[in-house]
Amino acid sequence: MSRPFTDAERRLRWQCRRGLKELDVLLEPFMEEHYRDVSAEEQDLFQRLLAEEDVDLLSWFMQYTVPDDAELERIVHVVLRRLAT
């Protein structure tokens, strides 16, 4: 059994709830099932990712465009790869 979420992780989990169902079905499962298993650097990148606008996130996750920031591009791929398994 995994450990409970910390207060900071619970806040992040809340931030994963966006206004778009398409993002909710990506971000919430990643947070619930994979966030604690990625590196501290990737956790920081995920937190940065959540600060971005929904329209940008949707475009990146649907692979219509890529972020200008290579680190954000990397965490988008980490999320997609983790959810594909």
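Coordinate-derived values only; no laboratory data. From a predicted model like this one, the values you see are computed outputs, not experimental measurements. For neighbour counting, all protein chains shown are included, and Cβ atoms are generated from backbone atoms with ideal geometry for every residue, glycine included.
In degrees from 0 to 90, rounded to the nearest 10, what is the angle of the helix 70-84 Cα long axis to the longest principal axis of the chain?
60
Compute the angle between helix 40-50 and the longest alpha-carbon principal axis of the chain, please, reported from 0 to 90 degrees and rounded to the nearest 10.
With both axes taken from Cα atoms, the answer is about 60 degrees.
With the Cα gyration tensor of the chain giving a ≥ b ≥ c as the square roots of its eigenvalues, does the rule (a/c under 1.5 for rounded; else a/b larger than b/c for prolate; else oblate) give rounded, prolate or oblate?
prolate
Which of the chymotrypsin sites (Phe, Trp or Tyr not before Pro) across the chain are loop residues per DSSP, with 12 or fewer other Cβ within 10 Å?
Here the sparse-neighbourhood loop sites are Y64.
Add -39500 (n - 2.57) for each DSSP H run of 4 or more in the chain, then divide by its residues: what number comes out at 222 nm, to the nearest 500 deg cm²/dmol?
One gets -20000 deg cm²/dmol as the mean residue ellipticity at 222 nm.
Per 0.36 nm of contour for each residue apart, how much would the distance between F5 and E28 grow if the chain were fully extended, relative to their Cα-Cα spacing?
That works out to 6.9 nm of additional length.
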